[in-house]
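For reference, the structure is listed below as structure tokens.
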Amino acid sequence: MTATINPLLKDRPVSWEVYQPRYQELLDRELTPETIEAFLLDWSELDRELDQVVHVRSLNADLNTADEEVQNAYLEYLNGIQPHRDVAVSDLRKKLLTVAPAHLPADARLLAKRFEADDRAFHVDSVPLRTQLAELKQQYSQITGGMLIDFRGEQITVPRVEQLLLSPDRQEREEAWKAWQKARLEIAPKLDEVFLKQLKLRQQIHRNSGHANYRDYMWDRYHRFDYTPQDCLDFHETIETEVVPFTLELLEQHRQGLGIEELKPWDFYWRSQMDPQNRPALQPFSTVEELENKTEQVFFSLSPKLGEMFKTLKDRRAMDLGSRENKMSHAYCTTIDTEKLPFVLQNVVGTEGDVSTTLHEFGHAFHAYVSMRTQRLIWNAFSATEFVEVPSMGMELIALDHLTPFYTPQEIQRAKESAIRQSVHNLPWMCYMDAFQHWLYSEAPEDITIEMLDQKSRELLDRFQPQPNWSGFEAEKGKVWQYYHMFNHPFYYIEYALSGLGAVQLWKNHQENPEKTLQQYLEALEPGDSLSVPELYEKCGLNFKFDRQTVHDLMGFLREQLQG
């Protein structure tokens with residue numbers, strides 16, 4: 001194996017022949033009310049060991065997409081262990097579900113409900129199909145991780161382009177955006193090919209499990225017990241009615257501030273929003289070390305407990321934040337399971353967005369760190385996806401008044417206004433992503449073509465992001481759907497919108513009573529996935545609601561914050 005500098009990412013040789021007897025022993029063990037607790041704990045530790053292997057190998061593959069040795073090690077796990085493990089875990093789930101709920105420990109009762117949904121979604125014929133999907137996910141990372149953009153004779157990364165899109169020099173923005181889109185269109189056929197393969201596999205998987213469509217299958221896979229697909233479709237309409245007009249007001253102010261006749265895609269990009277008054281981009285840090293040190297100061301200012309957690313993660317090197325060639329460009333937080341540590345991967349280049357992304361990902365990291373230590377069963381770490389984004393998105397907002405290490409008071413106000421605009425603009429984008437997938441997996445024909453996908457992308461952008469004007473760039477507009485989650489985490493996106501509303505509630509509460517809100521925040525990290533989504537929101541002092549009145553009221557709060 002390739003040696004790694006970071007000891008947390010040290011791989012080790014594994015084989016199914018070593019693990020199979022341990023799974024078999026659990027399958028053969030007699031289950032009684034007296035033995036069920038030990039059974040769950042032993043199974044949890046076994047899964048923890050193998051989760052450690054797959055997470056380390058996946059991380060190493062994303063950190064160097066050009067390293068054949070680490071790529072092959074990840075494939076070795078996907079092909080040599082995961083299929084056997086899937087079958088063994090399915091058999092263990094069935095065994096557990098024979099136990100009367102009254103005999104289960106309290107922290108396993110919601111788990112059993114999730115296992116029932118997993119059992120409905122599992123079919124042995126889908127095991128090799130899921131392996132193929134994992135391999136295609138790796139192909140996506142390799143294709144996108146190796147993409148460089150030719151800008152003014154220099155080869156630059158996507159994070160660097162996003163940095164250039166903050167420039168007050170419109171010519172520079174336009175050149176950077178066009179160079180980026182040129183590179184994207186060049187790899188688009190490869191991504192199209194990957195996605196169509198994924199789509200066919202997903203269609204077969206839902207047929208194998210007996211679900212009417214892939215959307216229904218994913219509702220079970222994601223344990224969505226607290227809302228329905230129709231609720232999501234209604235929510236799309238709510239955002240279209242209550243939020244899209246707000247975004248258009250903000251964009252009109254943006255256009256006027258830039259002093260231009262119309263907004264083009266290089267004047268506004270939802271992920272990297274330039275200053276609406278055409279001021280130079282904020283420069284909060286210049287090195288990774290500076291980012292880490294300043295972030296530590298922010299967390300200590302916000303809460304000594306948060307500061308100590310971040311310091312522990314920094315000291316343990318549970319992060320890789322720098323931007324470099326052949327590193328997968330998407331930021332995320334995963335887990336180093338046997339160490340009970342999170343691990344954050346980012347690609348920072350010194351922008352304001354890098355600061356908010358760092359706050360976001362370490363909100364996830366705190367959630368993982370706390371829940372992995374308070375929950376004895378591995379399946380209860382983190383939480384349901386509809387809450388898991390609240391600690392991260394909420395952290396972006398409640399930390400705004402503590403950004404002194406990065407900014408002057410005037411710059412903090414500017415960063416706060418930027419965060420508010422980002423919160424508003426995010427919601428229609430999230431609904432674009434979710435609406436695309438509802439259509440794709442429940443309405444679109446099975447023999448769908450790339451042309452249909454591109455056309456639907458253009459239609460939904462017109463609905464949820466009618467500005468900026470993409471005229472003359474219809475091909476580029478059609479490829480907006482080629483986004484990380486679409487390939488690798490189908491149907492994972494509405495969670496950002498629901499959690500985004502929770503995050504705004506959290507910020508509102510924090511302004512009214514910061515000490516109580518932070519205490520609720522920290523306490524809500526502890527239960528992990530042992531409580532339902534509404535229960536977790538309640539524990540955090542929030543309401544799990546996304547009706548029109550709730551959205552209207554929260555947008556009113558954001559308007560007030562923006563005005564003064």
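The values are calculated or read from the model by the stated rules, or taken from the named source; none is laboratory data. Remember, predicted model here, so these are calculated numbers, not experimental data. All Cβ positions, even for glycine, are placed from backbone atoms using ideal geometry, and neighbour counts span all protein chains on display.
Structure summary
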quantity	calculated
Within region 365-381, tally of residues that are of a type outside the set (A, V, I, L, M) and buried (at least 22 other Cβ atoms within 10 Å of the Cβ)	5
Failed criterion for Leu403 (all others in (1) within 27 Å of Gln519 (Cα to Cα); (2) of a type in the set (A, V, I, L, M); (3) surrounded by fewer than 22 Cβ atoms within 10 Å (Cβ to Cβ) hold)	(3)
In region 433-459, the residues that are under 24 Å from Glu186 (Cβ atoms) and in contact with a Phe, Trp or Tyr (Cβ under 7 Å, 6 or more places away or on another chain)	Met433, Phe436, Leu453, Lys456, Ser457
Criterion (surrounded by fewer than 22 Cβ atoms within 10 Å (Cβ to Cβ), outside any strand (DSSP E or B) and modelled with pLDDT under 95) met by exactly one of Arg317, Arg324	Arg324
Selection count, region 530-556, where residues are in contact (Cβ under 8 Å) with a residue 12 or more places away in the chain, closer than 25 Å to Phe299 by Cα and assigned to a helix (DSSP H, G or I)	3
Options Gln181, Gln198; residue that is in contact with a helix residue (DSSP H, G or I) (Cβ under 6 Å, 6 or more places away or on another chain), under 26 Å from Glu386 (Cα atoms) and crowded, with 19+ Cβ neighbours inside 10 Å	Gln198
Answer from Phe268, Phe285 - the residue that is buried (at least 20 other Cβ atoms within 10 Å of the Cβ) and under 23 Å from the mean Cα position of the chain (by Cα)	Phe268
Residue in region 44-72 that is farthest from Gln375 (Cα to Cα), counting only those that are touching a Ser or Thr at 6+ places or on another chain (Cβ under 8 Å) and among the aliphatic types (A, V, I, L, M)	Val70
Scope region 251-265; condition more than 17 Å from Glu174 (Cα to Cα) and either in contact with a Gly (Cβ under 9 Å, 6 or more places away or on another chain) or surrounded by 20 or more Cβ atoms within 10 Å (Cβ to Cβ) (or both); matching residues	Leu251
Test: residue in region 406-423 that is at pLDDT below 95 and under 30 Å from Val194 (Cβ atoms)	yes
Candidates Asp216, Asp192, Asp231 - the one that is more than 16 Å from Lys137 (Cα to Cα) and in contact with a helix residue (DSSP H, G or I) (Cβ under 8 Å, 6 or more places away or on another chain)	Asp216
Region 381-429: number of residues that are part of a helix (DSSP H, G or I) and touching a Gly at 6+ places or on another chain (Cβ under 7 Å)	9
Members of region 182-235 found to be touching a residue at least 60 places away in the same chain (Cβ under 8 Å) and within 30 Å of Phe151 (Cα to Cα), listed by number	Arg184, Leu185, Ala188, Leu191, Asp192, Val194, Phe195
Selection count, region 18-47, where residues are more than 14 Å from Lys94 (Cα to Cα) and either assigned to a loop (DSSP other than H, G, I, E, B) or aromatic (Phe, Trp, Tyr) (or both)	5
Among the residues listed as Arg152, Arg120, Arg184, the single one being closer than 30 Å to Pro527 by Cα and of a type in the set (D, E, K, R)	Arg120
Subset of region 121-139 [in a helix (DSSP H, G or I) and within 22 Å of Trp219 (Cβ to Cβ)]	Ala121, Val124, Asp125, Ser126, Val127, Leu129, Arg130, Leu133, Ala134, Lys137
Identity of the residue in region 238-279, among the hydroxyl-bearing types (Ser, Thr, Tyr) and within 16 Å of Leu164 (Cβ to Cβ), that ends up modelled with the lowest pLDDT	Ser272
Unmet criterion (only one of (1) more than 30 Å from Tyr140 (Cβ to Cβ); (2) modelled with pLDDT under 95; (3) in a helix (DSSP H, G or I)) for Ala108	(2)
Flag for Ser167 being assigned to a loop (DSSP other than H, G, I, E, B) and either modelled with pLDDT of 95 or more or of a type in the set (S, T, N, Q) (or both)	yes
Conditions (1) among the aliphatic types (A, V, I, L, M); (2) assigned to a helix (DSSP H, G or I); (3) in contact with a Lys or Arg (Cβ under 9 Å, 6 or more places away or on another chain); (4) farther than 30 Å from Glu443 by Cα: number failed by Ala188	(4)
Test: residue in region 100-115 that is closer than 30 Å to Glu186 by Cβ and either within 25 Å of the chain's Cα centre (by Cα) or without any contact (Cβ under 8 Å) to a residue 24 or more places away in the chain (or both)	no
Condition check for Ser301: surrounded by fewer than 20 Cβ atoms within 10 Å (Cβ to Cβ), among the polar types (S, T, N, Q), farther than 26 Å from Asp11 by Cβ and at pLDDT 95 or above	yes
Pick from region 491-521, criterion under 12 Å from the mean Cα position of the chain (by Cα) and closer than 18 Å to Thr550 by Cβ, ranking: surrounded by the fewest Cβ atoms within 10 Å (Cβ to Cβ)	Tyr496
Neighbours by Cβ (under 6 Å, 6+ apart or cross-chain): first from region 308-334, closer than 19 Å to Pro7 by Cα; second part of a loop (DSSP other than H, G, I, E, B)	Arg317/Asn6
Condition broken by Leu282, with the remaining ones in (1) under 21 Å from Met395 (Cα atoms); (2) among the aliphatic types (A, V, I, L, M); (3) at pLDDT 95 or above; (4) not in a helix (DSSP H, G or I) satisfied	(3)
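To keep it simple, each residue is scored yes or no on (1) part of a loop (DSSP other than H, G, I, E, B); (2) closer than 30 Å to Met274 by Cα; (3) of a type outside the set (Val, Ile, Thr).
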position	(1), (2), (3)
Asn293	no, yes, yes
Phe300	no, yes, yes
Lys311	no, no, yes
Gly350	yes, yes, yes
Asp354	no, yes, yes
Thr358	no, yes, no
Trp379	no, no, yes
